[in-house]
Each structure stands twice: as structure tokens, then as C-alpha cells.
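All remarks here apply to the structure that follows.
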Amino acid sequence: MEPPSLARTAAALRRAQTVEDLRVLARRRTPRAVFDYVDGAAEGERSLARARQAFADVEFRPRVLRDVKHVDARVELLGVSSPVPLVLAPTGFTRMMHTQGEWAVARAAAAAGVPYTLSTMGTVSVEDLAADVPDVQRWFQLYLWQDREASRALIRRAAAAGFGTLVLTVDTAVAGQRLRDVRNGLTIPPALTARTLGGMALHPRWWVDMLTSEPIEFASLRTSGGTVADLVDRMFDPSMTTDDLAWLREEWPGRIVVKGVQHPQDAADLVALGMDGLVLSNHGGRQLDRAVAPLDLLPEVRAAVGPDVPLLIDGGVMHGGDIVAARARGADAVMVGRAYLYGLMAGGEPGVARALEILVSQVHRTLRLLGVSRIADLGPDHVPPAAARHTPAPGALPTS
């Protein structure tokens, strides 16, 4: 099988018109276990299905005869700015998807002017990312470890490297059961087994890249190896409570955003404790299955915390119209992870750039067709409340 050339990859990326097109390319170009790690979710994958269905059920109510020759979709929040209400979410093991990993994502984000969040589970260190891509607007995502001294050392390194906002993920008391990973026998880093050796024939370029590049390892962890669930249960602290937020506030000099909020009362409590922003998230459906769709939760949380608290959502975002819908429902911005990882798997840094180009163009086009020239003018009247929806059967995952 002839491996894809750079020219063929560039041509394929140009033909891609949607994130779903990039997803199809990614599926062709990466081993099944790697693709499924990105594409999959927990247990019956209902949380992911519901999140995507919530966006699919949105009905826009456009206005006509509005001057939309020029559209301003820019937003500023929590010390960063973006050409659209978009922040790139933290993702772990990113060099497993493509050996350029976080460097490719950060460079594409910097070129597009979009903020990027580096993960605790990243494969590039905070110091290297800051030095190699100094112009990217960067946040740092934290999983609080059982070893508090190691956590303290890590966040001090992030602060010293110029990361302005800390994103604390709070929905990983234990690892979700991601059945695709279990059935694929995925380990971190990928191990050479009879199955993976057979997969080399189907994905030679991915394997050549991995075997001839620096070993894939965690930049911020002292231990690795085993499955994702093994690592989470070994490292993360299931005893974390709101008391730990006071400690974190003392240790971190910048803003703190809490990611993984799934209840209005928790949102109100976190704001009362002085958190600077919230991300409504069910971890992309990768933790608790049958969790509420963040888009459905958004109006209730906005009512609980008031109009001035920065709210972001993630989960199920595959189209720029999803970003517009979230903003109209009350979000300040949206985080995306899978969408840019599909681009990364499809073509490295140019693939991430293409994913961002697609999303930004879709946001602008959706705003124009809604008759909205400024993102600040979006409101609930553009996206009326959804009627009761049918929940897809397990395995029926909408792709847009």
C-alpha cells in the first residue's frame, strides 16, 4: 500500500469541507485503536450521542434584510481573545494521534488567533510549548494528583512559563469505562503486539512516524504505561472537594476556570467560592454515560450564576453552527477537542489549520444567514427552546 504523500495529503485537506470530512480522513490514516481513542466515549456512548443530538435539534430563527456585509465574531474573555467564540480544549496523549502533537495544534492555533489549552496529560512540556510557540494564547489544564507536592510543582512551572489561566478538571474521580479502548487493548504509549504489527501494513506512515520520532511520553508525569484507566486511577485524586479550591487559589496566581460542571447548584457554589469561570462539560461523553448534554444544561446554569460569569461549554461540537447556537443559548465561548484532533490525525499541523478554517468560516456564514453582523447581538430569540427530542439508540451517533 502506497503511503500518502504530502501533496496528496494537502489535496485531501483542501477537499475537506466539514469536520466530518476530516474525521473520515483521520479514520483512514490512523490505526483503529488510536482513532477509536479520539472518536469513542464511555460505555454505551449515550452522553456523546445526546450532546450531538442537542446541537442537531437546534432550530435557528433568522432575521432578514439586515446588513451582513461585514461580520464581527470576535470575543474576549478571561484574558484571551479569539476571532470566534472558540478555545481549543485540552487533550491528552496528543502525539499519539500525530507525532507533531501539541506543537502542531499550538502553531495552528497561534496562526488562527485562537487560544489553546495544554493538558496535564500532554506529551509536550509547558516550558517547551511556551518556548517553541511563544505567540499562542495559552491556558493550562490541571488534573489534581494524589501527590499534592507534584501538583504544586507542576502549576508553578506553568505559571513561570506564562500560562495565564488554570483550567481545573473535576469530573475524573475515577476513569470512565471506554469500551472501545478496552476492546482494542490500547496502552499508553501504544505497544507493539501481534495486532499492531498487522496494522502496520494498513497505516505504514503513522507507524514509521512513531517509530522514527522521539518516544511518546507524558511531559508532566513521572509514571506512565498501562491503560488510560490504570493511569487515571493511579494518579488522580478521588478525594478532591471544594476545600482543595482554597489551596489551589493560594498556589495559582492567575485565573481559575473549573471544567466538568454538570449541575446548576455546583455552578453557583463554585462562583461563590471565587472561581473565575466555568466549563459545562461531561468530558465529551468519556466519563459518566447518560450525562446531561451541556447545551441543554446551559440556560439553567446561566440563570443560576447570572449574566457576568464567563461560561464555556464543550462536547458534541462538530460545526461552526454549533458554536453559534451555544453562544445564542448563553455561552461566552465553546471548547472543541475532537474536531481539531480529527484534523491532526488527517494531516498534522495543516489538518488542524484546516479544521479551524472550516469552523471559523461556518461561524461567519451562519451569522450572516441569521442576519447577525455582531456576535454580541446573538440572543435566545435566534435559537428558541428545543422541543422534546428523541434520544438516539446506543451506537447511533450523529456526526454533525
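Scanning region 155-196 for residues that are part of a loop (DSSP other than H, G, I, E, B), of a type in the set (Val, Ile, Thr), open to solvent by 50 Å² or more (accessible area, probe 1.4 Å) and at pLDDT 80 or above returns VAL170, VAL174.
Residues in region 131-154 that are without any contact (Cβ under 8 Å) to a residue 60 or more places away in the chain, in contact with a Leu (Cβ under 9 Å, 6 or more places away or on another chain) and open to solvent by 10 Å² or more (accessible area, probe 1.4 Å): ARG138 alone. A single entry from ARG15, ARG63, ARG27, ARG23 fulfils the requirement of being basic (Lys, Arg) and crowded, with 18+ Cβ neighbours inside 10 Å: ARG23. Contact map, region 90-117: residues that are closer than 21 Å to GLY284 by Cβ paired with residues that are open to solvent by 30 Å² or more (accessible area, probe 1.4 Å), Cβ distance under 6 Å, separation 6+ or inter-chain. Pairs shown: ALA104/GLU349; ALA108/GLU349; ALA108/ALA353; PRO115/GLN137; TYR116/ARG138.
Among the residues of region 95-130, the one identified as surrounded by fewer than 21 Cβ atoms within 10 Å (Cβ to Cβ), part of a loop (DSSP other than H, G, I, E, B) and not polar (S, T, N, Q) is GLY113. Quick check: anything in region 375-394 more than 16 Å from LEU295 (Cα to Cα), at pLDDT 95 or above and open to solvent by less than 20 Å² (accessible area, probe 1.4 Å)? There is at least one residue in region 375-394 that is more than 16 Å from LEU295 (Cα to Cα), at pLDDT 95 or above and open to solvent by less than 20 Å² (accessible area, probe 1.4 Å). Filtering region 30-60 to residues that are assigned to a helix (DSSP H, G or I), open to solvent by 20 Å² or more (accessible area, probe 1.4 Å) and either closer than 26 Å to HIS382 by Cβ or of a type in the set (A, V, I, L, M) (or both) leaves ALA33, ARG50, GLN53, ALA56.
Filtering region 314-332 to residues that are open to solvent by less than 20 Å² (accessible area, probe 1.4 Å) and touching a Ser or Thr at 6+ places or on another chain (Cβ under 7 Å) leaves ASP314, GLY315, MET318, GLY320, GLY321, VAL324.
Take the residues in region 250-271 that are assigned to a helix (DSSP H, G or I) and touching a residue at least 24 places away in the same chain (Cβ under 8 Å); name whichever of them is most open to solvent (accessible area, probe 1.4 Å). Explain how you work it out, then say what you get.
Kept after step one, since they are assigned to a helix (DSSP H, G or I), are these residues of region 250-271: 250-251, 264-271.
Next, from what is left, pick out any that are touching a residue at least 24 places away in the same chain (Cβ under 8 Å): 251, 264-265, 267-271.
Values: GLU251: 37, PRO264: 20, GLN265: 101, ALA267: 0, ALA268: 29, ASP269: 67, LEU270: 20, VAL271: 46 Å².
Looking at the filtered set, the residue picked out is GLN265.
Just wondering, is there one or more residues in region 35-52 that are of a type in the set (Lys, Arg), closer than 23 Å to SER361 by Cβ, at pLDDT 95 or above and in contact with a Ser or Thr (Cβ under 9 Å, 6 or more places away or on another chain)? Yes, the conditions are met somewhere in region 35-52.
The set of residues in region 197-215 that are aliphatic (A, V, I, L, M), in a loop (DSSP other than H, G, I, E, B) and either at pLDDT below 70 or over 14 Å from VAL34 (Cα atoms) (or both) contains only ALA201.
If the condition is being polar (S, T, N, Q) and in a helix (DSSP H, G or I), then region 342-374 contributes SER361, GLN362, THR366. Condition check for LEU118 on (1) under 16 Å from the mean Cα position of the chain (by Cα); (2) farther than 21 Å from ARG156 by Cα: one failure, at (2). What's the total number of residues in region 69-94 that are more than 21 Å from ALA355 (Cα to Cα) and crowded, with 18+ Cβ neighbours inside 10 Å? Selection size over region 69-94: 2. Residues in region 121-141 that are within 14 Å of the chain's Cα centre (by Cα) and of a type in the set (A, V, I, L, M): MET121 only. When VAL126 is tested against the conditions (1) out of contact with any Leu (no Cβ under 6 Å at 6 or more places or on another chain); (2) touching a residue at least 40 places away in the same chain (Cβ under 8 Å); (3) closer than 19 Å to ALA333 by Cβ; (4) among the aliphatic types (A, V, I, L, M), the lone failure is (3). Those residues that are in contact with a helix residue (DSSP H, G or I) (Cβ under 9 Å, 6 or more places away or on another chain) and surrounded by fewer than 16 Cβ atoms within 10 Å (Cβ to Cβ), I need them from region 272-287; list them, please. Once the filter is applied, which keeps residues that are in contact with a helix residue (DSSP H, G or I) (Cβ under 9 Å, 6 or more places away or on another chain) and surrounded by fewer than 16 Cβ atoms within 10 Å (Cβ to Cβ), region 272-287 yields LEU273, GLY274.
The values are calculated or read from the model by the stated rules, or taken from the named source; none is laboratory data. On a predicted model such as this, the values are computed, not experimentally measured, just so you know. We place every Cβ from the backbone using ideal geometry, glycine too, and count neighbours over all the protein chains shown. Ligands, DNA and RNA are excluded from the accessible area calculation, which covers all protein heavy atoms including side chains. Shrake-Rupley method; radii C 1.70, N 1.55, O 1.52, S 1.80 Å.
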